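The values are calculated or read from the model by the stated rules, or taken from the named source; none is laboratory data. All figures in this text were calculated on a predicted structure; none of them were measured in a lab. FYI the Cβ positions are ideal-geometry reconstructions off the backbone, even for glycines, and counts take in every protein chain you see.
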Amino acid sequence: MRLLDYDEPIDPEIAAVLDAIDATLSGEPVDAQYADTAEIALLLSAERPAVGPEFAQSIDERVARRFAPAPASVPVGPRRRWWSSQFWEATGALAAAIGLIVAIVVIAGGGQGSPSMSSASSAAGSGAGSSGAPSGPPTRSSSKAQPALVPPNGSSATPTLQPPTTGRKVVQSAQLDLAAAPSRMDDVAQQVYNVIGALGGIVENSTVTQTGGPAGYADFQLSVPSASLGQAMSRLSSLNYAQVVSRTDSSQDITDQYGAAQRSLADARALRTSLLKQLASAITTEQVASLQAQIHDAEASISSDQATLNRLNHQVGFSQLSVEINARSAPAPAVHGSGGFGIGQAAHDAGRVLTVAAGVVLIALAVLSPLALLAALAWWVGSTVRRRRREQALDAA
Amino acid sequence: MDHALVRSEGVSETLTASPSASGTTSWARFEALYRSSRDDVYAYAFTLLRDAAAAEDVTALAFERAYRRRRTFDSRRGEERGWLFGIARNAALDELRRRRRVAALAGEPSRAADASEAVSEDDEGEVALRRTAVQTALAMLPAREREIVALKFHAGLSNAELARVLGVSESNAGTLLYRTMEKLRKACNATA
């Protein structure tokens with residue numbers, strides 16, 4: 001039975017009786033009208049049970065030992081306590097550490113990969129005349145995530161995609177986007193020239209723009225021997241003071257187109273040979289004139305087919321490589337081999353670590369808050385039920 | 001009323017053995033609390049449970065729990081004695097619950113019967129009759145009211161401490177005590 005919890009003014013008569021009780025217990029005299037109450041109070045106090053000497057000694061000893069187990073039971077106590085406390089503490093710490101690692105991996109892994117490296121290849125169908133934009137045949141492209149700014153050393157490890165070329169005529173091309181500090185634009189451009197020259201390539205077109213400010217731009221249209229394309233991409237991806245933003249490798253199978261051009265050339269040559277024989281046996285002026293006109297057309301066709309074949313051979317033998325360099329405000333890493341680590345990189349890494357740590361804390365809070373709320377609710381319900389059962393036990397006694 | 005001086009004076013002096021360096025303050029406070037309250041806690045438990053063995057168990061359990069939780073005591077919420085008797089009360093009520101689960105105790109020791117033997121030897125006349133009447137009336141009280149008597153007259157709690165242990169306001173505790181005393185007074189007068 002739980003009575004009123006709020007404090008209310010007590011009845012004066014009750015207060016007087018309570019004062020009389022307290023006065024009696026303190027040994028002070030009370031008014032005669034409270035004599036009965038005082039007598040009962042004294043008699044009740046006299047009924048106070050006394051502690052037995054054996055129990056007094058026993059509990060004194062327990063308290064003196066600070067409730068430690070008796071010496072005879074010492075070997076059992078600590079072991080059970082270890083299992084019940086340290087074991088669960090260690091298990092909890094291990095689970096927390098695993099959760100932390102998983103959270104870090106999830107956060108660190110999820111925050112990368114804005115720019116991409118992509119590769120695309122297309123095969124021209126038979127008879128496709130144009131060597132420019134691929135048409136008709138199936139085209140596939142794929143992309144995979146790559147870090148936002150790939151350090152030069154790291155990027156050079158990425159192999160250049162090489163389509164199978166066994167007996168096939170394949171035209172390859174590639175595009176590389178780099179980022180460099182504005183002040184290093186010249187250095188990077190010169191390195192591009194050096195790489196292409198060393199590999200026997202050709203700089204077909206180049207533009208290097210420097211403003212003296214934070215802006216800057218360079219563009220190169222290059223042609224390199226196809227056999228050296230992989231090496232060229234590898235070296236260009238590893239230029240000092242430059243970082244790879246994205247790279248694209250493309251390939252186009254022109255075997256059918258090449259074969260058609262070869263057949264057309266052979267047909268034209270055979271036609272010219274036949275016409276030349278007919279010309280040798282021609283009698284009339286009209287016949288000679290007609291044959292000479294046909295021979296002229298056949299030779300024009302031969303020249304055209306030969307040019308087509310030459311162009312296709314050049315496309316197969318030399319790959320087109322487009323390099324674009326854009327200035328970026330953040331300084332690029334230092335020269336290769338120096339470790340690439342400076343104050344700026346350290347600050348960047350520190351910021352990243354702090355971001356990840358904040359993310360982990362946020363996720364932990366998101367997970368733990370509902371659990372803590374449930375635990376608090378369970379604790380409150382449990383304590384309320386326990387208190388109510390205790391009161392019921394008192395009423396039922 | 002200074003309970004520390006009036007009550008529980010027979011606690012063994014072996015407790016003055018020096019505690020370890022760590023937790024000296026909390027241990028000293030607990031030791032002082034134990035010294036001042038051991039007999040009071042026992043008296044309360046015995047009056048409520050009417051069983052010496054159970055009262056001893058509850059007393060020991062209450063002090064062990066208080067020792068384990070001594071760092072959780074918050075002086076802003078009341079005196080240490082009130083906190084200790086709250087623990088003792090929970091232990092005693094748990095004991096009552098355990099009794100309910102097991103079985104109703106048969107042949108509980110009757111304080112009135114025990115006392116009557118002593119009265120016959122030590123006291124005489126009117127006083128002995130009045131004492132017997134009070135014992136009988138106390139034995140007839142329900143557990144809840146017997147608990148109030150135990151806390152007030154056997155454990156020596158003030159009305160404020162009584163209120164904190166029972167979880168009611170001080171005026172409510174005073175009213176409960178008044179009603180219990182009135183019931184005892186009427187029972188004693190009826191017996192006389």
Residue that is farthest from the other protein chains (Cβ to nearest Cβ), among those in the stretch B:176-192 that are surrounded by fewer than 18 Cβ atoms within 10 Å (Cβ to Cβ) and either closer than 16 Å to residue B:144 by Cα or of a type in the set (A, V, I, L, M, F, W, C) (or both): B:190
If residue A:295 meets every condition in (1) buried (at least 18 other Cβ atoms within 10 Å of the Cβ); (2) assigned by TED's automatic domain parsing to the domain that holds residue A:202 apart from one, which number is that one? (2)
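In this structure, is residue A:235 part of a strand (DSSP E or B) and not β-branched (Val, Ile, Thr)? Please lay out each step first, then the result.
Numbers: part of a strand (DSSP E or B): no; not β-branched (Val, Ile, Thr): yes.
Answer is no for this residue.
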Per the filter on the stretch B:146-170, residues facing chain A (nearest Cβ under 10 Å), under 12 Å from the mean Cα position of the chain (by Cα), in a helix (DSSP H, G or I) and closer than 24 Å to residue A:27 by Cβ are B:149, B:150, B:152, B:153, B:154
The one condition residue B:107 fails out of (1) modelled with pLDDT of 80 or more; (2) in a loop (DSSP other than H, G, I, E, B) is (1)
Flagged pairs (Cβ under 7 angstrom, 6 or more apart or on separate chains; first in the stretch A:35-54, touching a residue at least 24 places away in the same chain (Cβ under 8 Å) and more than 7 Å from every other protein chain (Cβ to nearest Cβ); second surrounded by 18 or more Cβ atoms within 10 Å (Cβ to Cβ) and of a type in the set (Phe, Trp, Tyr)) are none
Can you tell me how many residues in the stretch B:49-94 are among the hydroxyl-bearing types (Ser, Thr, Tyr) and closer than 20 Å to residue B:154 by Cβ? 1
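Which one of these is within 11 Å of chain A (Cβ to nearest Cβ), crowded, with 21+ Cβ neighbours inside 10 Å and modelled with pLDDT of 75 or more: B:143, B:115, B:173?
Values: B:143 fails: crowded, with 21+ Cβ neighbours inside 10 Å; B:115 fails: modelled with pLDDT of 75 or more.
The conditions single out B:173.
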Touching a residue at least 40 places away in the same chain (Cβ under 8 Å) and among the hydroxyl-bearing types (Ser, Thr, Tyr): does that describe residue A:226? yes
Failed item, numbered, when residue A:63 is tested on (1) within 7 Å of chain B (Cβ to nearest Cβ); (2) modelled with pLDDT of 85 or more; (3) more than 60 Å from the chain's Cα centre (by Cα): (3)
What about residue B:149, is it within 19 Å of residue B:38 (Cα to Cα) and modelled with pLDDT under 90? no
Hey, can you tell me all the residues within the stretch A:341-390 that are modelled with pLDDT of 90 or more, among the β-branched types (Val, Ile, Thr) and either closer than 30 Å to residue B:92 by Cβ or loosely packed, with under 13 Cβ neighbours inside 10 Å (or both)? A:353, A:361, A:367, A:381, A:384, A:385
